[in-house]
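For reference, the structure is listed below as structure tokens.
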Amino acid sequence: MSQALLETRGLTIRFGGLTAVDGVDLSLGRSEILCIIGPNGAGKSTLFNVITGIYRPSKGTVALEGRDITGNPAHRIAAAGITRTFQSSRLFNDLTLVDNVVIGMHCRTRTGVLTALLRPGKARAELDEAAERAGELIRSISPDLYERRHTLAGTLPQADRRRLEIARALASDPKVILLDEPSSGMDDRDTDALMASIRSVMARRAGLSFLIIEHDMRLVRALPDRVAVIDYGRKIADGDFQEVRQLPRVQQAYLGH
Ligand code: ADP
Ligand code: MG
């Protein structure tokens, strides 16, 4: 059996004549942070879309804790413990911060529509409990956000939206969280706060792992255990940041675009 928490083998997806992800082998351990870097259009977001079941791969496999989940529908993959954020933030602007996080719990809450109809009191109690838990999750990411937990998400600046999305991702109690360019739109101070949030979440949740697409080299240098480089859909390097960045093929990938 595989030791990896999340593993892809030969993962490939073609769109017509374009091979957007081309034979990618990735392995993510427990309690590990792996950053994926690479030029624009290299296939990084598409890789996330294939791992999370938005697209079915043309070839290759995805396994979580040694179980094959290749081609499973997105909701099943989410329920299995892989959750994600998107490159552009996807919050419900007209809902409060707390309610945005409660929505992230949906695949774990027991209360169904039937309970809500037949036993409204019980449903209410479970919702209150969910709201309280959501508040705690927000606090664990940022005490500052917690102070604003009853305001509408639409009022948040970009950096806070990103942080709230991480709180929402945590709400489903995942094994691995995929973040697509979490520091986009952040200044250095925001990025430092983001890294601190991720570290504190990892310290509190045994075994939780992150797969992070990033372009901010400050974060890539400081946060992950390991870095994988994608270029034209292929993984061209995988290892320690300082080693990877010196490889001629990595430098060429960045210069050549
Ligand atoms: P990155 O996230 O590394 O910047 P993407 O994964 O977004 O790159 O895109 C990789 C390539 O795949 C791009 O050429 C993009 O146009 C193409 N692509 C992504 N999704 C689709 C799709 N649904 N249909 C056709 N081409 C796509
Ligand atoms: Mg992308």
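Just a few scattered comments:
- Considering only residues in the stretch 13-45 that are crowded, with 18+ Cβ neighbours inside 10 Å and without any contact (Cβ under 8 Å) to a residue 60 or more places away in the chain, the one that is nearest to the chain's Cα centre (by Cα) turns out to be 27.
- Close pairs (8 angstrom Cβ cut-off, 6 or more residues apart or separate chains): closer than 20 Å to residue 179 by Cβ in the stretch 60-78, of a type in the set (Lys, Arg) and part of a strand (DSSP E or B) anywhere: none
- Flag if residue 189 is closer than 30 Å to residue 27 by Cβ, more than 16 Å from ligand 1 (Cβ to nearest atom), at pLDDT 90 or above and assigned to a helix (DSSP H, G or I): no
- Among the residues of the stretch 199-257, the ones that are farther than 15 Å from residue 38 by Cα, touching a residue at least 40 places away in the same chain (Cβ under 8 Å) and basic (Lys, Arg) come to 1 in all.
- In the stretch 101-124, the residues that are among the β-branched types (Val, Ile, Thr) reach residues that are exposed (fewer than 14 other Cβ atoms within 10 Å of the Cβ) and modelled with pLDDT under 80 with C-beta atoms within less than 7 angstrom, at least six apart or across chains, in these pairs: 115/122.
- The stretch 60-90, residues that are within 16 Å of ligand 1 (Cβ to nearest atom) and either of a type in the set (S, T, N, Q) or surrounded by fewer than 19 Cβ atoms within 10 Å (Cβ to Cβ) (or both): 60, 74, 85, 86, 87, 88, 89, 90
- Condition met for residue 93 (away from ligand 1 (no atom under 13 Å from the Cβ) and not in a helix (DSSP H, G or I)): yes
- Residue count, the stretch 81-101 (criterion: within 16 Å of ligand 2 (Cβ to nearest atom) and of a type in the set (Gly, Ala, Ser)): 2
The values are calculated or read from the model by the stated rules, or taken from the named source; none is laboratory data. The shown structure was predicted, so the numbers you read here are calculated from the model rather than taken from an experiment. Cβ: placed from backbone, ideal geometry, glycine included. Neighbour counts: every protein chain shown.
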